[in-house]
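First up is the structure itself, then whatever we jot down about it.
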Amino acid sequence: MTESRKPSTTVVHSGRMTRAHFGTVNTPVYRTSTILQPDLATLEGHSAPYVYGRRGTPTSRSLEEAINALEDGAHTALAPSGLGAIALALLSVCSAGDHVLVSDSAYWPTRGFCDRMLTRYGIETDYYDPTIGAGIAALIKPNTRAVFCEAPGSLTFEMQDIPAIAAAAHARGASVLMDNTWATPLLFQPLAHGVDLSIQAVTKYIGGHADVMMGYVCANEGHKARLEQTHGDMGLYCSGDDCFLALRGLRTLPVRLPRHQETGLTLARWFAARPEVERVLHPALETDPGHALWKRDFKGACGLFGVVLKPQPEGALAALMDHLDYFGMGYSWGGFESLIVPAHIHRTARPFDAQGPVIRIHAGLEDPDDLIADLEAGFARMSKVK
Ligand SMILES: *Cc1c(COP(=O)(O)O)cnc(C)c1O
C-alpha cells in the first residue's frame, strides 16, 4: 500500500485475493470446519495459512485485512456482533482486580456487560462524564486498566476529547478502548488519535443493508498479541456468508456515508426549526456543544442523531411515530432505510437534561423531501393529541 493512498481507494483494493481465486473480484464464501493439510510436517509445523475453520478462512481473512488497512491497525479480530466485539475488547485487557472507566454515554448493553459480567469476574466499573476530557486523570486509580470511550455517545451524542483522554490514560498505564460505530473508520480514525483497541459494530454502516450482525476489534501493535489470544481462547467465529456480506457492504461505504450525512443534516436542521423541538443532538450542527471537537477530529458525520422534544401529553409520541410511511420503528441503524425509535436514557455519572421525550433518527438513503413530508404529517398527528 502506498503511503498517500486515500481511504476510499483502500476500501476498494484492500483484502482482495483475486489471483488466488481465478480472477474473481470478490473472495468467495468459504464454508468449512476441517482444512486438510498436505503432509505431517505442515500439519504439525502450523505453517499452513489456514488450519481450521474457526481460526480463519480466505473469506474472513479478506475482511480482516481490509479493515486492518482502513484502521491502519496491527491486528483485526472479528466477533459475531458489535456487543461481542465490545466484550472481546474489554476481556482482552482486563483481569480480576482491575478497574475500568466507561463513558456515561456508552451504548446501554456495554453497561450491562460491565455491571454484570465484569463484576462477576472481579473487575470494577465506574462511569464518567463523557465530556470530561483531560479531567479523566483524576478518576484513574492504580488498578485502572482501561478507559472505554464512545463518541458521539449512544442516544445523547456528546463528543469526547479522545486525544486528551488517551494521553491521560496512557500516562497512568491504562489502555484506551473506543466504540467508533457512529463514525466508522472512514470518518474517525481511533488508533491515530491514541486509542489502543478500536471497536466497530459492523452490523451498522459497514454491513449497511440491515442483513448481517457482526463486530470487530482492531488493535495497535502493543495490543495485538492480547487481542489475538483472547479472541482465540473465546472461540469466536463469524461465518463465511456473514464475512462476505460485510465485505460487500464495506466496498460501497465511501459512497453511502456522505449521502447519510447529507440527509441526516437536512433532517436535523428541519427538526431544529420546528416549534415542537427543544434541541437537536448532532455534533455536526454549529450550535452543538461538541461541534468544535467534532470539527477538529472527525472527517464527517453519519445519518444518526437525536431530537429532544418539548414535553408532550400522553399518547403524543405514538401519534408521531405510528403510521409513518418511511421511518421504520426498530433497533439498529446504518442500513439503507430510515428509522425512528424513542431513546430511553439511563445515566449515573452525569444526568442528561431533557424535560420532554427524546427520539433517535436514522436518516436512510430515501429522498429527503419524502422523509420530511412523512415527519411533517407525524407532527401534525402529534399536535392533535391534547
Ligand atoms: C448497535 C451498536 C452496538 C452493538 O452492535 P450489535 O451488532 O447490535 O451487537 C455497539 N455499539 C453501538 C454504538 C451500537 O449502536
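Near THR76: Cβ cut-off under 9 Å, other residues only, Lys/Arg at +1 and Asp/Glu at -1. The net charge is -3. A Förster radius of 51 Å, combined with the Cβ-Cβ distance separating LYS6 from ARG120, puts the computed FRET efficiency at roughly 0.65. Each stretch of four or more DSSP H residues adds -39500 (n - 2.57); spread over every residue of the chain, this sum gives -10000 deg cm²/dmol at 222 nm. Cα-based radius of gyration for segment 145-233, normalised by 2.2 N^0.38 Å, reads 1.10. Length available on full extension from ALA273 to ALA373: 0.36 nm per residue minus the Cα-Cα distance, which gives 34.5 nm.
Annotation: amide H-H contacts under 5 Å for THR125 (H modelled 1.01 Å from N, sequence separation of 5 or more, or interchain): VAL100. Ellipsoid fit via the Cα gyration tensor, the chain: semi-axes of 36, 26, 18 Å, each the root of five times an eigenvalue, largest first. Modelled label positions at ALA20 and ALA225, each set 7 Å beyond Cα in the direction of Cβ, lie 2.6 nm from each other.
Quick note: the coordinates plus some simple rules give every number you see, no bench work behind them. Treat the numbers as computed from the prediction; the structure is a model and nothing was measured. So basically every Cβ, Gly included, is an ideal-geometry build from the backbone, and we count neighbours across all protein chains shown.
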